1. Would you calculate the separation in nanometres between label points at residue 128 and residue 188, each defined as 7 Å from the Cα along the Cα-to-beta-carbon direction?
2. At 0.36 nm per residue, minus the direct Cα-Cα distance, what do residue 253 and residue 157 gain on full extension? Give it in nm, one decimal, please.
3. Taking 32 Å as the cut-off for C-alpha to C-alpha distance, list the pairs among 27/166; 166/190; 27/150 that go past it.
4. Taking every eigenvalue of the Cα gyration tensor of the range 196-256, multiplying by 5 and rooting it, what semi-axes result, largest first, whole Å?
5. Obtain the nm distance between the two label points defined at residue 102 and residue 221 by a simple spin-label model: each point lies 7 Å from its Cα along the Cα-to-C-beta direction.
6. With each label point set 7 Å from Cα along the Cα-Cβ vector, what nm distance links residue 243 and residue 139?
7. FRET efficiency for residue 234 and residue 202, Cβ-Cβ distance as r, R0 = 41 Å, nearest 0.05?
Amino acid sequence: AVVSTQSTGADLKIGLYLSNFILRASKGRYSPDLIYFLSQTVRRTAGKRFEYVSNFAFKPSLLLKGDDSKPHPICFSTLYSKDTSGSDVFHGLLLTIRSAMQTYHDYTAFAGLFHTTFRALSELDTSSLHSDTTSLLSSLTALYTQYSQKTMPFLRYADAKPVSIKMYEPKFGEVWVRERKSKDETAHLKRKVKSEMKGAVREIRKDNRFISRLKHKERASADADRKRKVNEIMGFLSKEQGEANDLKYRKKRGQA
């Protein structure tokens with residue numbers, strides 16, 4: 001908690017100073033201990049007390065003891081001073097409540113956070129207070145009325161689609177780009193040499209098939225020519241053999 005036990009005005013001043021420090025340092029984040037400290041201090045000042053609270057032990061008349069002098073702001077140099085005016089502390093309490101209201105005014109549960117505090121403020125006897133303090137108290141009431149008009153919506157599932165992870169364009173250094181470009185050119189030339197080699201192999205295979213067909217055609221033509229000549233020779237030899245046989249037969253008949 002902000003302050004565990006308050007027994008004197010100096011203790012309350014320290015608590016208020018720490019409360020203002022928390023409001024400035026938290027940057028809008030909710031501090032339940034701060035709200036608890038402010039609400040219980042106001043309730044104790046009004047003579048109220050929760051049955052489960054036992055650490056707010058200052059007297060209710062400490063802040064409202066008929067001192068109608070003009071309140072002065074609480075500064076660090078007077079925090080531990082025992083000569084503490086109740087009106088100064090009470091005015092500082094109201095200023096801290098106003099700062100808390102302005103910090104948490106966007107909260108949907110604003111009315112619930114400050115309901116206990118303003119219920120206790122409405123029960124205070126402010127007849128003996130200075131006009132500055134009473135006007136500040138009136139402005140706090142107006143602020144509470146203004147900020148507590150929010151309606152709390154029913155809980156429901158979020159309709160918005162999940163936000164995708166933001167993608168960033170990679171940044172390449174100049175040296176890396178040159179190396180990458182050199183590697184890309186080398187790979188491109190290797191692919192080109194490989195492609196040209198495949199093309200040359202295809203052309204060689206085409207040439208081999210053409211030469212093979214040409215040789216086969218020439219061989220077939222030579223075979224046909226040779227066969228024709230063999231047939232002519234065989235026909236000539238057959239004719240000569242026939243004539244020789246015929247002459248032999250005639251000679252044989254003539255002898256007989």
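1. Roughly 9.4 nm, to one decimal.
2. Fully extending the segment from residue 253 to residue 157 adds 21.1 nm.
3. 166/190
4. Working from the Cα gyration tensor, I get semi-axes of 58, 5, 4 Å.
5. Taking the simple label geometry, residue 102 and residue 221 are separated by 11.2 nm.
6. With each label point 7 Å from Cα toward Cβ, the separation is 15.3 nm.
7. The computed FRET efficiency comes out at 0.30.
Read-outs throughout are calculated quantities, based only on the coordinates presented, and are distinct from any laboratory measurement. Every value quoted in this text rests on a predicted model; they were computed, and no experiment measured them. Please note: Cβ atoms are built from the backbone with ideal geometry, for glycine as well, and neighbour counts cover all protein chains shown.
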